[in-house]
1. In the range 60-71, is there at least one residue being at positive phi and in contact (Cβ under 8 Å) with a residue 24 or more places away in the chain?
2. For the range 134-180, what are the residues that are touching a residue at least 60 places away in the same chain (Cβ under 8 Å) and among the β-branched types (Val, Ile, Thr)?
3. Does Asp155 satisfy the criteria of being farther than 21 Å from Ala210 by Cβ and among the acidic types (Asp, Glu)?
4. Out of everything in the range 2-59 that is in contact with a Leu (Cβ under 6 Å, 6 or more places away or on another chain) and among the aliphatic types (A, V, I, L, M), what residue ends up being nearest to Ala211 (Cα to Cα)?
5. Go through (1) of a type in the set (Ser, Thr, Tyr); (2) over 30 Å from Ile37 (Cα atoms); (3) surrounded by 17 or more Cβ atoms within 10 Å (Cβ to Cβ) and name the single condition Tyr123 misses.
6. Could we say that Asp50 is of a type outside the set (Ser, Thr, Tyr), surrounded by fewer than 19 Cβ atoms within 10 Å (Cβ to Cβ) and under 17 Å from the mean Cα position of the chain (by Cα) here?
7. Tally up the residues in the range 52-98 that are over 19 Å from Trp108 (Cα atoms) and among the aromatic types (Phe, Trp, Tyr), please.
Amino acid sequence: MPDPIAGLLPPGVSLPLYPPAPHCNTRGLTALGEHMIKGMIERGMLVEIDHMSVKAAGRALDLLEAARYPGVISSHSWTDPHYFERVYALGGMINQYGHDAEHFVAEWARTEPPRQQHGIAGYGYGLDVNGMGRLPGPRAANAADPVTYPFTSFDGGVSFDRLRTGERVRDVNTDGVANYGLVPDWIEDMRIIAGDEIVRDMAARASACAAGSRRCS
């Protein structure tokens, strides 16, 4: 064990020693896991595959395909990309991780053909922010076409100015999505890049989720 790491451990404590790879996520979906997936199908529940191992997700999709069950979701595109086609073919949904605006727009455009092929309505996002997953940062090349405040929501119903929390004023052009209150600003930034179509797609995802739930029940 490297000395810098060993120095962080309490006296008498050592890290586990693992055999040569592969040794991570080799079990796949257990019998109990298969029972759970089948039970979720019977109850009309959505099956989330993002944090399954590749082997477990593949077996879960086998069960979903055998049942012709559309209630499968990758809530923030964390599943293996090789499974995207299978999810779309079932009528399931793949939401994109909350990347920076340019990255998000590029992935939205890249996945449009398979979504259209399978009639998948809308396009969602999953921020999944935590200690390791960050919120979207400011767009690097936004000097020529920044988000201009105040801006109006795509349906014209709400006007958004810079977010104020206490004495702090936030601007998505410099702060990025510093907190969830700047998500509308992030979406406006993507509208500037890609036009109204991406906002319409994102707005349609809520209706698509509701329709998907009805198909599963």
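1. no
2. Listed by number, the list holds a single entry, Val177.
3. Against the criterion (farther than 21 Å from Ala210 by Cβ and among the acidic types (Asp, Glu)), Asp155 does not qualify.
4. The residue in question is Ile37.
5. Among (1) of a type in the set (Ser, Thr, Tyr); (2) over 30 Å from Ile37 (Cα atoms); (3) surrounded by 17 or more Cβ atoms within 10 Å (Cβ to Cβ), Tyr123 violates only (2).
6. Answer is yes for this residue.
7. 1
Residue by residue, here is whether (1) surrounded by 10 or more Cβ atoms within 10 Å (Cβ to Cβ); (2) charged (D, E, K, R) holds:
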{"site": "Leu9", "(1), (2)": "yes, no"}
{"site": "Val13", "(1), (2)": "no, no"}
{"site": "Thr26", "(1), (2)": "no, no"}
{"site": "Gly33", "(1), (2)": "yes, no"}
{"site": "Arg68", "(1), (2)": "no, yes"}
{"site": "Tyr88", "(1), (2)": "yes, no"}
{"site": "Ile94", "(1), (2)": "yes, no"}
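The values are calculated or read from the model by the stated rules, or taken from the named source; none is laboratory data. No experiment lies behind these values; they were computed from the predicted model shown. In this analysis, Cβ positions are derived from the backbone assuming ideal geometry, glycine residues included, and neighbour counts consider all displayed protein chains.
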